[in-house]
Amino acid sequence: MDLYLIHWPVEGKFKEAWRALETIYKEGRVKAIGVSNFHIHHLEELMKDSEVKPMVNQVEYHPRLTQRELQAFCKNQGIQFEAWSPLMQGQLLDNLVLKEIADKYRKSIAQVILRWDLQNGVVTIPKSTKEHRIVENASVFDFEITKEDMERMDGFNQNLRVGPDPDNFDF
Ligand SMILES: NC(=O)c1ccc[n+]([C@@H]2O[C@H](COP(=O)([O-])OP(=O)(O)OC[C@H]3O[C@@H](n4cnc5c(N)ncnc54)[C@H](OP(=O)(O)O)[C@@H]3O)[C@@H](O)[C@H]2O)c1
């Protein structure tokens, strides 16, 4: 297996779960291990007793939720930051400012958002049930967003989530 993640930081359980992931990693049964939906304090708590550092943290990330502090923390720790719901589940795809930016590059809004992810060093996993959109979402390697437009897109942040906050979820 390429990558095995702990899905949510369930208090009282995630450290034990991490030990199991460390075991399968050390046995060579998985190429990389990581976490999902971990805030900085969850990562700090996990790393206090861990032998292997998480290699990935997969979290909600899109222009309305840029999680800068968490992103910087992951970068400093060598943890790859990965975006789930990078298109905000479709909620940004009729935004007029993003449309203006997208038109400038002759790309779709989805494509400029995914390119913004990559230029920010973020691994991104958009989902679509439609073949033409899967192809569209993968066609983001033939253009570059300028520094000014990157900053414009960074400025969209409103700390707005479409999914639950990892500090307050109920399973
Ligand atoms: N780790 C976690 O806790 C967690 C939580 C949530 C999600 N995820 C993962 O993150 C991945 C993506 O998240 P997501 O599906 O919630 O949200 P998303 O990728 O932000 O958005 C998916 C929505 O956008 C539409 N879409 C995709 N590409 C498009 C395009 N080029 N143009 C127009 N519409 C487009 C899709 O519709 P169509 O299908 O009709 O194209 C779908 O409604 C999934 O694999 C999911 O499993 C992980």
Charge tally for neighbours of residue 136 with beta carbon under 10 Å away, counting Lys, Arg as +1 and Asp, Glu as -1, is +2
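Per residue, what accessible area does the chain have, given a 1.4 Å probe and all protein chains present, in Å²? Write out the running numbers ahead of the final one.
Values: 9780 Å² over 171 residues.
Using a 1.4 Å probe on heavy atoms only, each residue of the chain averages 57 Å².
Relative to the Cα centre, what is the charge dipole magnitude of the chain, using +1 at the beta carbon of each Lys and Arg, -1 at the beta carbon of each Asp and Glu, and rounding to the nearest 20 debye?
Numbers: 22 positive and 27 negative charges, 67 e Å.
Using Cβ point charges on Lys, Arg, Asp and Glu, the chain gives about 320 debye.
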Just by accessible area at a 1.4 angstrom probe, what is the order of 1, 153 from largest to smallest? 1, 153
How big is the stretch 36-160 along each principal axis, measuring the range of its Cα positions in Å and listing the largest first? 49, 31, 25
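Test of the criteria: in the stretch 51-107, which trypsin sites (Lys or Arg not before Pro) are in a DSSP loop and have at most 14 other Cβ atoms within 10 angstrom of their Cβ?
On the way: sites: 64, 68, 75, 99, 104, 106, 107; in loops: 64, 106, 107.
Here the sparse-neighbourhood loop sites are 106.
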Please report the accessible area of residue 2 (heavy atoms, 1.4 Å probe, ligands and nucleic acids excluded) in Å², nearest 10. 100 Å²
Restricted to the chain, the DSSP antiparallel beta bridge percent, nearest 5, is 5 percent
Of the heavy-atom accessible surface of the chain (probe 1.4 angstrom), what whole percent is carbon and sulfur? 49 percent
Under 29 Å, Cα to Cα: Lys pairs in the stretch 33-168, sequence gap 8 or more or different chains: 17
Eligible aspartates and glutamates near residue 15 by straight Cα distance, threshold 17 Å, same-chain separation 8 or greater: 44, 45, 49, 51, 167
Residues with amide H under 5 Å of residue 4's amide H, sequence separation 5 or more or different chain, H placed in the peptide plane at 1.01 Å from N; which? 32, 33, 34
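The values are calculated or read from the model by the stated rules, or taken from the named source; none is laboratory data. Fair warning: this is a prediction, and the values are worked out from it, not measured in the lab. Reconstructed Cβ throughout: ideal geometry from the backbone, glycine too, with neighbour counts over all protein chains shown. In case anyone asks, the SASA skips ligands and DNA or RNA and just uses the protein heavy atoms, side chains included. Shrake-Rupley method; radii C 1.70, N 1.55, O 1.52, S 1.80 Å.
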